[in-house]
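For reference, the structure is listed below as structure tokens.
What follows is calculated from the coordinates using simple rules that are stated; it is not laboratory data. For clarity, every value in this text was computed on a predicted model and none was experimentally measured. Cβ atoms come from the backbone with ideal geometry, glycine included; neighbour counts cover every protein chain shown.
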Amino acid sequence: MHEKLLEIVQKHLEKPYRKPLARYSESAFMNAEKIIHGAGKPLILDSGCGTGESTWNLAQMYPDHFVLGIDKSAHRLSKAESLLEDSDRNFAFVRADLFDFWPMAVGAGWQIDRHYLLYPNPWPKKKHLMRRYHAHPEFSTLLRLGTYFELRSNWLIYLQEFRLAVRHVLNIDIEITPIEPEIYLTNFEKKYHISGQSLYKICFSLNKD
């Protein structure tokens with residue numbers, strides 16, 4: 001694990017993040033607000049949804065919820081267009097920078113039932129630590145967006161760091177557990193599992209009362 005992780009997490013807690021919002025993220029958020037209010041269902045966020053298969057799978061697993069998939073890449077999201085053919089679908093996609101979108105969602109008072117972070121880019125080089133979710137200035141914002149959280153990765157160090165950061169911010173202990181998926185939520189999960197790589201997840205719930 002990165003030796004300066006907790007120092008960086010604490011610095012971010014003490015110093016507000018002041019990055020200007022990208023215009024396309026603001027537009028995406030306004031569009032998402034309309035979609036979600038129109039759906040009228042409990043909300044699931046699929047942050048970093050990539051090509052959308054995880055959003056679709058979560059929508060099948062939770063038909064009484066509305067699943068919003070968010071990704072920064074227009075190219076990746078273009079591959080999800082075929083999933084949008086069903087007019088009765090309980091999911092949608094928006095293109096936005098997560099680190100713009102999360103604070104806007106908090107500011108708007110979004111109530112999120114479940115929040116998924118599935119196989120994020122681990123940014124394994126030490127110099128890229130702050131690109132990992134748990135070392136980014138908006139990590140504490142992320143932890144305000146959900147009652148139930150689930151992170152999956154094939155890189156154990158990523159989960160160990162995430163667990164340590166959660167403990168530092170929220171003062172709770174969470175477990176890392178190995179997984180043997182019967183249903184692949186993402187193409188990465190399928191690829192990693194078939195190739196024999198170990199897969200792990202962190203699941204935890206927060207009492208928002």
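At 222 nm, what helix-only mean residue ellipticity would the chain give, in deg cm²/dmol to the nearest 500, using -39500 (n - 2.57) for each DSSP H run of four or more?
-11000 deg cm²/dmol
Could you give the semi-axes, largest first, of the ellipsoid that matches region 7-129, computed as the square roots of 5 times the alpha carbon gyration tensor eigenvalues and rounded to whole Å?
26, 17, 14
Could you derive backbone 3J(HN,Hα) for region 3-18 from the dihedral phi with the Karplus parameters 6.51, -1.76 and 1.60 (θ = phi - 60°), listing whole Hz in sequence and x where the residue is Gly or Pro?
5, 9, 4, 5, 4, 6, 4, 5, 4, 5, 5, 8, 10, x, 8, 10
So how far, in whole Å, is the C-alpha centre of region 114-140 from the one of region 166-195?
With region 114-140 and region 166-195 each reduced to a Cα centre, they are spaced 14 Å.
Which value results when the Cα radius of gyration for region 98-209 is divided by 2.2 N^0.38 Å?
1.08
When F162, F188, F101 are ordered from fewest to most other Cβ atoms inside 10 Å of their Cβ, what list results?
Least crowded to most crowded, the residues run F188, F162, F101.
Considering only DSSP states other than H, G, I, E and B, which trypsin sites (Lys or Arg not before Pro) in region 105-209 qualify as loop sites with at most 12 other Cβ atoms within 10 Å?
Answer in residue order: K125, K208.
Straight-line reach from K4: which aspartates and glutamates have Cα under 15 Å away, leaving out those fewer than 8 places along the same chain?
Hits, sequence-local ones excluded: E161.
For region 1-60, which chymotrypsin sites (Phe, Trp or Tyr not before Pro) pass both filters: DSSP loop (anything but H, G, I, E, B) and at most 16 other C-beta atoms within 10 Å?
Sparse-neighbourhood loop chymotrypsin sites (Phe, Trp or Tyr not before Pro): Y17.
Just the number, please: percent antiparallel of the DSSP beta bridges in the chain, rounded to the nearest 5.
Here the antiparallel bridges make up roughly 35 percent for the chain.
Write down Rg/Rh for the chain, rounded to two decimals, with Rg from the C-alpha atoms and Rh from the Kirkwood relation over Cα pairs.
Rounded to two decimals, Rg/Rh equals 0.94.
Using a cut-off of 27 Å between alpha-carbon atoms, which lysines can reach K79, once sequence neighbours fewer than 8 places away in the same chain are excluded?
Correct list for K79: K34, K41, K190, K191, K201.
Quick one: Karplus J couplings for region 147-158, per residue in order, coefficients 6.51, -1.76, 1.60, θ = phi - 60°, nearest Hz, x for Gly and Pro?
9, 10, 10, 9, 10, 10, 7, 9, 10, 4, 4, 4
Ordered by residue, what ³J(HN,Hα) values in Hz, to whole numbers, does region 25-37 give under the Karplus form 6.51 cos²θ - 1.76 cosθ + 1.60, where θ = phi - 60° and Gly and Pro are x?
Along region 25-37, the couplings run 5, 4, 4, 4, 5, 4, 5, 5, 4, 5, 4, 5, 5 Hz.
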